[in-house]
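> Before I ask anything, let me first share the structure, which is written out below as structure tokens.
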Amino acid sequence: MLPGKSQEVILIVTLVVFFFNISWVMSPVKVKESHKGGNKNLQVFILAGQSNMAGNGGVHRQIESGVVTNLSWDGFVPKECKPNPKILRFNAAEKWEKAHEPLNYGIDCLRACGLGPGMAFANEILKKDPEFGVIGLVPCAKGGTPLHKWRRGSSPYDSLIRRAKFAVKNGGNIRALFWYHGESDGKSKNTSSLYKKNLDNFFQDLRSDLHAPTLPIFEVIIPYPKEPFVGPYIEEVRAAQLGINISNVIKIDAEGLELGSDGLHLTTPAQVQLGHMFAHAFLRFNNFPFLNRYVLPFNIFS
């Protein structure tokens, strides 16, 4: 072989190997393989509740005669919610992948998932503490599910427990549950009157089934809705949420966060604010656990 040809072959082989390695490093398989042997430093957070936790930021609704006929997401992702190599998502196939919006895609919705608080939370944690480690987000929210659907034996509850356990099967620590729920139960006198008892049971059962008796739970106190949403018993649900008296349940009042035109779902900026509230509340709890019973209003973090 001529010297010039030999050099060309070496160059081509070198480029092929280089691009192969680059594509392998950047592929989702690499993310999965990096945790296959276990990752004790993976910091896992469960995100559960209804549609505001699933994420409806940027979702537009077409309403005809009071009925939603079309849903679409505008696709806007603010800088606070951009992907980060140190933020992973436990997807619907129960595999770790690089996290991205919409975070709840495949868990609850396929067509009109929007932006939620999870990515803003994780990015804010890493901004405040760059040495925090790799964050694993486990989305489990189910829109429109009243609290009695979150009992043992029900699909949303059993799915949450299964996903949470499987997420740390090969290593990692479940650091907290973020819970945003209550709007559906605010529509009925019966469900609102049982809300405190059912919520207390949910928190206790969750900790028991995860074998985590002191798991921090960050509970959102739902904001008052506005028209056209009708929730005549929201006050009763808020009172029930505020009345929970369980250790390591941290209450975050979302009253004052911006709601969309449907009067129920948080806007994209509000979801970013909520994510930051979660991050600051979590860091505050870690540093000052004796404050864990205080209700944290959204404007304390602004």
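> Residue separation times 0.36 nm, minus the C-alpha to C-alpha distance between His148 and Ser208: what's the value?
Details: separation 60, 0.36 × 60 = 21.60 nm, distance 1.79 nm.
Net length gain for the segment: 19.8 nm.
> Right, another one. Compute the orientation-averaged projected area for region 42-292 from the convex hull of its Cα atoms and round it to one decimal in nm².
Numbers: hull surface 50.2 nm².
For the Cα atoms of region 42-292, the hull's average projected area reads 12.6 nm².
> State the answer as a single residue: which of Ile135, Phe285, Gly231 lies farthest towards the positive end of the charge dipole of region 42-292, with beta carbon charges of +1 for Lys and Arg and -1 for Asp and Glu, about the Cα centre.
So the residue furthest toward the plus end is Ile135.
> For the ranges 87-97, 132-142, 73-83, what's the packing order if you count other beta-carbon atoms within 10 Å of each residue, average per peptide, and put the highest first?
Values: 87-97: 18.9, 132-142: 23.5, 73-83: 15.5.
Descending mean neighbour count gives 132-142, 87-97, 73-83.
> Pop out the ³J(HN,Hα) list for region 77-82 in order, Karplus 6.51 cos²θ - 1.76 cosθ + 1.60 with θ = phi - 60°, rounded to Hz; leave Gly and Pro as x.
3J(HN,Hα) across region 77-82, in whole Hz: 10, x, 4, 5, 10, 5.
> A follow-up question, please. Compare the peptides 117-128, 147-158, 180-191 by average per-residue count of other Cβ atoms within 10 angstrom and give them in order, highest first.
Values: 117-128: 24.3, 147-158: 15.7, 180-191: 20.7.
In descending order of packing, they fall as 117-128, 180-191, 147-158.
> Could you derive backbone 3J(HN,Hα) for region 114-123 from the dihedral phi with the Karplus parameters 6.51, -1.76 and 1.60 (θ = phi - 60°), listing whole Hz in sequence and x where the residue is Gly or Pro?
x, 8, x, x, x, 5, 4, 4, 5, 5
> Here's another thing I want to ask about it. Given a 1.4 Å probe and every protein chain left where it sits, what share in percent of the accessible area of region 42-292 is carbon and sulfur? Display every interim value, and only then the final one.
On the way: 5300 of 10260 Å².
Of all accessible area on region 42-292, carbon and sulfur atoms account for 52 percent.
> Let me ask another. Convert 4 °C to kelvin, take the viscosity as 1.567 mPa s, use the Kirkwood radius over C-alpha pairs of region 148-302 as Rh, and evaluate the Stokes-Einstein diffusion coefficient in µm²/s, rounded to a whole number. Before the final figure, lay out each step's value.
Working: Rh = 16.4 Å.
For these conditions, the coefficient is 79 µm²/s.
> Now a separate question. For a quick check: with amide H placed at 1.01 Å from N, whose amide H comes under 5 Å from His60's, ignoring anything fewer than 5 positions away on the same chain?
Residues meeting the amide H criterion: Ser72, Trp73, Asp74.
> On the first, second and third principal axes, largest extent first, how far apart are the outermost C-alpha atoms of region 201-274 in Å?
41, 27, 17
> Against the empirical 2.2 N^0.38 Å scaling, what ratio does the C-alpha Rg of region 92-221 come to? Mind showing how you got there, number by number?
Values: Rg = 15.3 Å, N = 130, 2.2 N^0.38 = 14.0 Å.
Here the answer is 1.10, to two decimals.
> Okay, moving on. I want to check the label-to-label distance for Leu71 and Lys169. Put each point 7 Å from Cα in the C-beta direction and report it in nm to one decimal.
My value for the distance between the label points is 2.9 nm.
> Return the FRET efficiency for the residue pair Glu258, Asn286: r is the Cβ-Cβ distance, R0 is 22 Å, and the value is rounded to the nearest 0.05.
Numbers: r = 28 Å, r/R0 = 1.28.
Efficiency, rounded to the nearest 0.05: 0.20.
> Ranked highest first by the average count of other Cβ atoms within 10 Å around their residues, in what order do 160-166, 249-255 fall? Provide the component values of the computation, followed by the final result.
Numbers: 160-166: 17.4, 249-255: 19.6.
In decreasing order of mean packing, 160-166, 249-255 become 249-255, 160-166.
> Label region 91-136 by shape, choosing from rounded, prolate and oblate, from the square roots a ≥ b ≥ c of the eigenvalues of the Cα gyration tensor; if a/c is under 1.5 it is rounded, and otherwise prolate applies when a/b is larger than b/c, oblate when it is not. Walk me through the intermediate numbers first.
Values: a/c = 4.09, a/b = 1.76, b/c = 2.32.
Oblate, since a/c reaches 1.5 and b/c is not below a/b.
> Which entries of Lys95/Lys142; Lys165/Lys189; Lys98/Lys251; Lys226/Lys251; Lys79/Lys142 show an alpha-carbon separation above 24 angstrom in the structure shown?
Numbers: Lys95/Lys142 19 Å; Lys165/Lys189 35 Å; Lys98/Lys251 29 Å; Lys226/Lys251 22 Å; Lys79/Lys142 26 Å.
Pairs exceeding 24 Å: Lys165/Lys189; Lys98/Lys251; Lys79/Lys142.
The values are calculated or read from the model by the stated rules, or taken from the named source; none is laboratory data. Just so we're clear, the structure is a prediction, and the values are computed from it rather than from any experiment. All Cβ positions, even for glycine, are placed from backbone atoms using ideal geometry, and neighbour counts span all protein chains on display. To get the accessible areas, we keep the full protein, side chains included, count just its heavy atoms, and leave off ligands, DNA and RNA. Shrake-Rupley method; radii C 1.70, N 1.55, O 1.52, S 1.80 Å.
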